Amino acid sequence: MSTYTATITWKSDSPETFTKNRYTRGHTWEFDGGVTVPASSSPHVIPRFSVEEAVDPEEALVASAASCHMLTFLYLAAKDGFNIASYTDNAVGEMAALEDGRQWLAKITLDPQIEWVGEPPSAEQLNDLHHRSHEQCYIANSIKSEMIVHGVSSPHVSKGSSHRR
């Protein structure tokens, strides 16, 4: 099986105020291909000390789920003989509170806009492509967030490893 790595690095910008919870939440994510991404806590959560221009973990999870679904969808569409010119998804993640007050990313909504070359799939074939994409997506199989896919005749909804259509 494959393994995936990331190096997360944070350095204090104000050691004298750290214990007062007044420090930058800005840090970096470095990946094996050499890409370094500026990261931070969400400005929705910690507005004063977050770096708004950086990627926060919640955004990264939404992007990972949407990217995984897209890559699986593209693979399956090509395998089924459908040609795609472009795929754009304006994915949205929604936070919610658990009964004990802890926050979690409860729902991820995907809204793929697909430009087809030649004959597009029927509504039934499109539903099937999204369903199979969701079932085969590594990220969707790894999280408990509800995932909804718009843009099909009946939105595909699943939660964790149970998949409903």
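The values are calculated or read from the model by the stated rules, or taken from the named source; none is laboratory data. Treat the numbers as computed from the prediction; the structure is a model and nothing was measured. Because the Cβ atoms are built from the backbone with ideal geometry, glycine has one as well, and the counts that use them run over all protein chains shown.
The residue that is nearest to TRP104 (Cα to Cα), among those in the range 6-44 that are in contact (Cβ under 8 Å) with a residue 24 or more places away in the chain and among the aliphatic types (A, V, I, L, M), is ALA39. Scanning the range 107-153 for residues that are hydroxyl-bearing (Ser, Thr, Tyr), within 12 Å of the chain's Cα centre (by Cα) and surrounded by 15 or more Cβ atoms within 10 Å (Cβ to Cβ), we see that the one that is farthest from PHE82 (Cα to Cα) is SER145.
Being touching a Gly at 6+ places or on another chain (Cβ under 7 Å) and not assigned by TED's automatic domain parsing to the domain that holds ARG22 is a description that does not apply to LYS79.
Note on the range 34-49: residues that are under 21 Å from LYS20 (Cβ atoms) and not polar (S, T, N, Q) amount to 6.
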